[in-house]
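What follows draws every value from the coordinates through simple rules; no lab data is involved. These figures come from a predicted structure and were not determined experimentally.
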Amino acid sequence: MATSRPPQHVSFVLVAEFDIDKGAVIAQQYPRPTGTDEQLLAESMLPDGVHLLAQDWTIFFLNQSAENAIIPSNEEGADVEAGKLMYVLSLVRTKRDDSARRGAVVKALAICTCLPYFQIFKVNVNP
């Protein structure tokens, strides 16, 4: 008899950063790559003009269409997120740094969840 895994509240954790030469890029994806276009993910996590703010939240969705669908893996239980609407909550921060080529470092951390009440993951983060 197979043991059932407890439900996963967070399916993916993503990290994006702004690279002066490459633009918005995905730096990390956990526990595995989503299979979604990384450029689309990075640009959604790091919207235009965010470098003017110390921090900001963005929200977007995955699995709405073929362009932003999660590609299932062969891992046991990994198909839970396949086909379901995914809510992505992203916190982006800008840290002023005179040693950086552009004068600041811009990074974003996002969680992807199937839970419709994803705002519970939003915490009070002070810069």
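Per-residue 3J(HN,Hα) values for region 113-119, derived from phi via the Karplus relation 6.51 cos²θ - 1.76 cosθ + 1.60 with θ = phi - 60°, read 9, 8, 6, x, 9, 5, 5 Hz in sequence order (x marks Gly and Pro). Distant-in-sequence amide contacts of Thr94, defined by a placed amide H-H separation under 5 Å and a gap of 5 or more residues or a different chain, comprise Gln55.
The 3J(HN,Hα) values that the Karplus relation (6.51, -1.76, 1.60; θ = phi - 60°) gives for region 20-28 are, in residue order, 4, 8, 9, x, 6, 9, 7, 8, 8 Hz. Gly and Pro appear as x. Amide H contacts under 5 Å for Ser11: Cys112, Thr113, Cys114, restricted to partners 5 or more places along the chain or on a different chain, H placed in the peptide plane at 1.01 Å from N.
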